[in-house]
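Colleague: Let me begin by handing over the structure; questions about it come next.
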Amino acid sequence: MSLVSLCMPSRRPLATSKASIDSMAAYARARNCRLIISDNSDEQGKAAHYAAHSDIVTVLQNPGAGPLDNLMRTVEAADTPFILPVGDDDFIEEAAGAAGIDLARLPDDFIGARPTVVIFAAGEPELRRLDYALPEDSPVDRFHAYAQRRGGCNSLYYSFFRRDSFLSVHEPYWRMRKTVIGDFDWAVTTSLLFEGKVAHDPSTLYRYDLGRWRRQESIDASVRGFYLDAGLPDWAAKFDLLFKYLDVFVTTQRPSLSLPEVDRLKALYTATIALLGSLLRNAAQNAERYRGFEDYIAELKAAVSDPSDDLASVFDACARIAGRMKPGFEDELHQWLAATRAGH
């Protein structure tokens, strides 16, 4: 029985995605996996080209779909206990001589296993190699460990995750939220880390193309684009840590995250200090960057500094600030929180 489906949302035409898809298909064949592609490129060539490999590769046509829907189509179509999200500009291969992990024997308190990730860019075949596990016992310890080990990128997203958990943490975005900001994957991995430990599988090399994330100028433009695409002003990127906090707060309320309430609160307090504390420090140290937004910062500081709070007022303050950036957004965030807690 196959244990893993490689899940690839693809928007690139066959000419520029073929090398990546071929590497994924070769790995799938060697490991008795499936590669599921959801294609929103409006190009018929992919499905036709890989029809001869239908025992390994499934291509779903998904014209006009957004990035999140394109990914979730693949996860829905997977019938394996684990999935591995993959990009159509990345590559995967087996590491010769390295012992692999038997996912069928992965302990219940592990949410998944990360491959060795090789970060590369055009003309630079290896910039960094990330080959760590996250076996810490508590959600808070795993949060801190990932912050220390991740090397400035969220490569944990490209891991072998239990399908049901991966699906459930995306449901609040996919089914319940209208305004989705493009870097929501950070909150997804945080919520998954709160749920369980992550092993390391050294027998798999995942080669991640840094692409537009290689230079600061293109990074800044990409992040601003996330907010513009979500109907927010590009200056909302100044408050990216606030939006990450809103996402972490909500995804940590999902019923499928079976944490004792005390551990859930500890995790949220840790995220509050790490994210909103960093935003407040940034604002204090870079006053010019936040000129004109002093009232936003003061309101946030007052909420975070309230020693009697259960974090509800912190969420409320963040939602109010977000609501000033887009009409109706504050109400949307509260509705999103309520729907996530209700699990529908």
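The values are calculated or read from the model by the stated rules, or taken from the named source; none is laboratory data. Worth saying up front: this structure is predicted, and the values here are computed from it rather than measured. As a convention, Cβ positions derive from the backbone with ideal geometry for all residues, glycine included, and neighbour counts pool all protein chains shown.
Colleague: Restricting to the range 281-338, count the residues that are of a type outside the set (S, T, N, Q) and not in a helix (DSSP H, G or I). Explain how you work it out, then say what you get.
Modeller: Step one: list which residues in the range 281-338 are of a type outside the set (S, T, N, Q), which gives 281, 283-284, 287-304, 306-307, 309-312, 314-334, 336-338.
If we keep only those that are not in a helix (DSSP H, G or I) too, we end up with 287-293, 306-307, 309-311, 324-328.
Going through the range 281-338 one residue at a time, the tally reaches 17.
Colleague: Working only within the range 124-143, note down all residues that are hydrophobic (A, V, I, L, M, F, W, C), touching a residue at least 40 places away in the same chain (Cβ under 8 Å) and not in a loop (DSSP other than H, G, I, E, B). Working first, answer last.
Modeller: Quick first cut of the range 124-143, residues hydrophobic (A, V, I, L, M, F, W, C) only: 127, 130, 133-134, 140, 143.
Right, trim to touching a residue at least 40 places away in the same chain (Cβ under 8 Å) and you get 127, 133-134, 140, 143.
Leu127, Leu134, Val140, Phe143, listed by residue number.
Colleague: Ok, one more. Taking the range 190-222 as the search range and keeping residues that are surrounded by 21 or more Cβ atoms within 10 Å (Cβ to Cβ) and polar (S, T, N, Q), which one is nearest to Asn154 (Cα to Cα)?
Modeller: Thr190
Colleague: Output the number of the condition that Phe226 fails; it satisfies all remaining conditions of (1) hydrophobic (A, V, I, L, M, F, W, C); (2) under 15 Å from the mean Cα position of the chain (by Cα); (3) part of a loop (DSSP other than H, G, I, E, B).
Modeller: With (1) hydrophobic (A, V, I, L, M, F, W, C); (2) under 15 Å from the mean Cα position of the chain (by Cα); (3) part of a loop (DSSP other than H, G, I, E, B) applied to Phe226, the lone miss is (3).
Colleague: Confirm whether Ala65 is in the same structural domain as Ile119 (by TED's automatic domain parsing), surrounded by fewer than 16 Cβ atoms within 10 Å (Cβ to Cβ) and of a type in the set (A, V, I, L, M, F, W, C).
Modeller: Taking the combined requirement at face value, the residue does not satisfy it.
Colleague: Conditions: (1) of a type outside the set (D, E, K, R); (2) surrounded by fewer than 18 Cβ atoms within 10 Å (Cβ to Cβ); (3) over 21 Å from Val180 (Cα atoms). Ala283 meets all but one. Number of the miss?
Modeller: For Ala283, the exception is condition (2).
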